[in-house]
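Working notes, beginning with the structure itself.
All of the numbers you see were taken from the coordinates with simple rules; none came from a lab. Values in this document were obtained by computation on a predicted structure and should not be read as measured data. Note that each Cβ is placed from the backbone with ideal geometry, even for glycine, and that neighbours are counted across all protein chains shown.
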Amino acid sequence: TLLEEKSSSAQYANPRWSPDGKYIALSVKPDGSLRELLLLSVGDGRKTRIRKPGCRLRDPEWSPDGKALYFSSDCSGVSEIYSCQLKRKACHKITRTGSGFFKPAASPDGNSIAALSYEGSGGTVALFPLPGPRAWTPVSFVFEEDPHRAPVAPNPDPTPESGSKYQPLPGLFIPRLL
């Protein structure tokens with residue numbers, strides 16, 4: 001089942017299931033615009049876009065409790081890590097570097113984040129605690145409900161739509177060793 005319409009010009013990346021399995025978050029670059037986040041509701045097909053004009057949003061990662069979405073964005077001129085509390089639509093910048101953070105990964109207990117960090121001299125993995133929204137810088141992002149819903153009925157048959165059995169290389173010659 002396709003949850004998003006096929007597009008020859010949009011670029012999709014980093015799909016991530018929510019911990020409860022009800023949503024998929026991913027990064028999408030629509031035709032002619034900057035990368036944004038897309039939340040797909042698997043149950044009812046609702047689609048919510050999270051964006052900010054002039055910013056690239058990428059690398060979504062769910063908090064362990066599923067209440068927040070972490071991601072990287074260049075809104076401050078350098079890629080930093082952000083958090084959005086989804087029910088309240090409250091977003092915050094949670095890093096302040098100057099070198100750049102990418103691909104956040106929340107710890108299982110939700111108390112820290114690991115992220116890739118790059119500077120002129122090279123890259124590394126950084127680990128930092130999550131003190132909570134009171135210590136973070138509030139940032140406004142646009143939450144936009146997409147009127148086009150995704151299909152929700154899963155396809156129980158994993159074979160291609162033509163009904164033929166998948167054969168990745170039917171004409172490949174494999175020599176036999178004697």
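If eta is 0.692 mPa s and T is 37 °C, what Stokes-Einstein diffusion coefficient results for segment 66-152, Kirkwood Rh from Cα pairs, in µm²/s? Rounded, D is 234 µm²/s. So what's the net charge close to GLY54: Lys and Arg +1, Asp and Glu -1, counting the other residues with Cβ under 13 Å from its Cβ? Taking every other residue near GLY54 into account, the sum is +2. Shape of segment 22-85 from the C-alpha gyration tensor: oblate (a/c of 1.5 or more and a/b not above b/c, with a ≥ b ≥ c the square roots of its eigenvalues).
Computed from phi, the 3J(HN,Hα) profile of segment 88-104 under the Karplus parametrisation 6.51, -1.76, 1.60 (θ = phi - 60°) reads 8, 6, 9, 10, 9, 8, 10, 10, 9, 10, x, 9, x, 10, 9, 6, x Hz, with x in place of Gly and Pro. In a simple Cβ point-charge model (Lys, Arg +1; Asp, Glu -1; nothing else charged), segment 72-114 has a dipole of about 220 debye relative to its Cα centre.
If the chain linking SER9 and ASP44 were pulled fully straight, counting 0.36 nm for each residue of separation and taking away their Cα-Cα distance, it would gain 10.0 nm.
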